[in-house]
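Report on the structure given below.
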Amino acid sequence: MAIDFKETAARHKQYLLTGVSYAVPFIACGGILIAVSLAFAPPGPNGAPDPSGSEILSLILKIGESAFSLMFPVLGGFVAYAMASRPGLVPGFIGGAIASMPQTLPDGKTANAGFLGAIFAGLLAGHVVNLFKKAPIPGIFKPIMPILIIPIFGALIVGSVMFVINLPIAKIMVGLGDMLKQMEGQSQFLLAAILGAMIAFDMGGPVNKAAFFFGASMIEQGNFRIMGAVAIAICTPPLGLGLATLLRRKLWNDDQRNAGKAALGMGMIGITEGAIPFAAADPIRVLPCIMAGSITGAVIGMAAKVGDHAPHGGPIVLPVVDNRLWYVVAIAVGTLVTAVSINALKAAGQKKENEAQPTPAA
Amino acid sequence: MKFVAVTGCPTGIAHTYMAAEQLEKTARELGHEIQVETQGAMGIENELSPAAIASADAVILAADIAIEGAERFDGKTKIEVPVQTAIKEAGSIFAQAGAVK
């Protein structure tokens with residue numbers, strides 16, 4: 001039983017990662033286009049960039065928003081696709097689309113089930129479709145199963161469940177946001193530290209996205225400083241690890257040095273996922289180091305009143321950032337903290353290994 | 001021995017190709033024949049032909065994601081490993097294949 005459970009968990013992780021692999025280009029495309037459009041927009045009445053005056057900028061913003069709005073359907077759809085192949089797509093996409101619909105909460109605010117909802121929808125759709133596939137179907141119905149029966153009934157089942165649980169999941173997301181928001185009054189530095197840790201913790205996973213969406217939703221409410229701290233934390237993990245491979249080349253093998261270059265590129269455009277190859281190989285050392293860097297950067301950014309007007313992070317959003325100099329300083333310090341600490345831990349680890357086996361194999 | 005392999009990772013820009021390279025290199029060193037299909041962010045590249053799959057002694061699936069077209073390998077001897085294993089210890093995968101056969 002223990003082995004069974006482990007294998008099931010490993011398979012589900014594979015499903016989630018497949019969904020994420022299809023959704024990442026949508027997130028990057030949407031985030032960067034929105035950032036670009038806001039970057040060149042003049043300030044509007046409330047001080048925020050306002051692209052509505054320019055047709056080209058409004059168009060870019062709309063294209064970016066379209067890409068962003070597809071992120072949850074694509075995530076749900078391809079989690080289901082990974083589980084149940086082609087027939088999983090329709091119910092998965094629909095579940096993801098429902099997860100991105102705004103829900104009205106009891107206090108009148110709106111929120112959606114977002115990332116958590118889309119993952120849940122994808123897994124549910126995959127399981128439902130797999131059940132359909134196993135059902136004993138008379139021969140004459142077989143041809144219409146994949147194009148009619150499974151899409152329609154799969155969508156009805158997944159859609160109904162999503163409509164029931166959408167609000168509770170949205171409440172969880174909002175509750176998380178409220179918890180963070182309350183802290184803003186008490187201690188903004190603690191808030192920045194927690195958001196920084198969340199961003200680095202799973203590098204683009206649900207915890208990271210919860211912090212990101214909190215920052216992004218604060219922009220809509222006219223508070224740009226939360227996103228400022230988040231934007232810094234987003235880019236320091238890949239930048240720090242990339243820098244680490246350049247600082248002490250001997251500690252890293254060829255493959256890791258290559259991954260380091262890719263990580264630097266992804267860090268510059270605000271893709272925390274660039275850190276994943278390193279964290280997957282050595283989570284015990286890498287995770288604390290990237291969390292330390294993100295926390296440091298986020299707290300410096302909060303202290304220096306850095307603000308970010310775009311729902312995206314990294315040096316690429318510099319044009320839409322308030323207090324640009326401090327934004328750069330905070331990123332640089334966070335990056336250094338990660339780079340220096342991971343190299344120190346790695347050097348210590350390798351020394352220990354060499355002592356344990358006096359004749360190193362390689 | 002003759003192998004076909006598929007590699008894939010979540011982001012699909014680094015590990016997929018590192019694993020493919022490592023499998024090809026190690027196979028050459030061990031005197032095996034191999035063709036590797038990559039399923040990265042660019043989609044399927046170097047796609048395995050049905051003939052190549054049919055003539056292979058074993059299939060190596062080194063992926064952290066669900067691969068596309070998994071049904072092509074039904075009935076073949078399969079070695080499924082995380083993509084990291086192919087990058088770090090490709091030799092052990094071929095050793096495993098030898099033991100299965």
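Summary table
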quantity: Those residues of region A:276-290 for which accessible area with every protein chain present is at least 30 Å² below the isolated value (1.4 Å probe); calculated: A:Pro277, A:Ala281
quantity: Over chain A: helical MRE at 222 nm, DSSP H runs n ≥ 4 each giving -39500 (n - 2.57), nearest 500; calculated: -25500 deg cm²/dmol
quantity: Under-5 Å amide H pairs with B:Ala63, H placed in peptide plane, nonlocal only; calculated: B:Gly8, B:Val81, B:Val83
quantity: Fraction of beta bridges assigned by DSSP in the protein assembly as shown that are antiparallel (%, nearest 5); calculated: 35 percent
quantity: Cβ-derived FRET efficiency at R0 41 Å, B:Ser55 paired with A:Ile149, nearest 0.05; calculated: 0.60
quantity: Gain upon complete extension [A:Asn354, A:Asp322; 0.36 nm per residue less C-alpha separation]; calculated: 6.7 nm
quantity: Max mean-square fluctuation residue, GNM over chain A, Cα-Cα springs under 10 Å, options A:Gly265, A:Gly108, A:Gly334; calculated: A:Gly108
quantity: From phi via Karplus (6.51, -1.76, 1.60), per-residue ³J(HN,Hα) for region A:278-291 in Hz, x at Gly/Pro; calculated: 6, 5, 5, 6, 8, x, 4, 8, 6, 4, x, 5, 6, 5
quantity: Efficiency of FRET between A:Ser52 and A:Ser187 - r from beta-carbon atoms, R0 25 angstrom, step 0.05; calculated: 0.10
quantity: Accessible area buried at the B-A interface, both sides summed, 1.4 Å probe (Å², nearest 100); calculated: 1300 Å²
quantity: Sequence of B:Thr16, A:Thr8, B:Thr85 from largest to smallest accessible area, 1.4 Å probe; calculated: A:Thr8, B:Thr85, B:Thr16
quantity: Integer Hz, Karplus 6.51/-1.76/1.60 couplings in order for region A:84-96, x for Gly and Pro; calculated: 10, 6, 3, x, x, 4, 4, x, x, 4, 5, x, x
quantity: Per residue accessible area in Å² of the protein assembly as shown, where ligands, DNA and RNA are left out and the probe is 1.4 Å; calculated: 46 Å²
quantity: For a label point 7 Å along the Cα-to-beta-carbon line of A:Lys62, residues of region A:297-337 with backbone N under 13 Å; calculated: none
quantity: Three-way shape label, chain B, alpha-carbon gyration tensor, a/c 1.5; calculated: oblate
quantity: Cα shape, region A:187-352, gyration tensor, a/c 1.5 rule; calculated: prolate
quantity: Lysine pairs in region A:187-352 with Cα atoms under 18 Å, if 8 or more residues apart or on separate chains; calculated: 4
quantity: Separation between Cα centres of region B:18-86 and region A:213-255, rounded to whole Å; calculated: 34 Å
quantity: Sorted largest first, extent of region A:39-117 alpha carbons per principal axis (Å); calculated: 49, 34, 14
quantity: Residue mean of other protein chain beta carbons inside 10 Å, B:11-19; calculated: 6
quantity: Relative packing of B:58-64, A:131-137, A:322-328, B:78-84, which averages over residues the other C-beta atoms within 10 Å, highest first; calculated: B:58-64, B:78-84, A:322-328, A:131-137
quantity: Cα gyration tensor, chain A - rounded (a/c under 1.5), prolate or oblate; calculated: oblate
quantity: Label-point gap, in nm, between A:Lys250 and A:Ala9 - each point 7 angstrom along Cα→Cβ; calculated: 3.9 nm
quantity: Apportionment of accessible area to carbon and sulfur, chain A, percent (1.4 Å); calculated: 70 percent
quantity: Net charge of neighbours whose Cβ lies under 12 Å from the Cβ of A:Arg257, counting Lys and Arg as +1 and Asp and Glu as -1; calculated: +2
quantity: Only Lys, Arg (+1) and Asp, Glu (-1) charged, at Cβ; chain B dipole about Cα centre in debye; calculated: 260 debye
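The values are calculated or read from the model by the stated rules, or taken from the named source; none is laboratory data. What you see is a predicted model; the values in this text were computed from it and never measured. Note that we place each Cβ from the backbone using ideal geometry, even for glycine, and neighbour counts take in every protein chain shown. We work out accessible area using only protein heavy atoms, side chains counted, and drop any ligands, DNA or RNA first. Shrake-Rupley method; radii C 1.70, N 1.55, O 1.52, S 1.80 Å.
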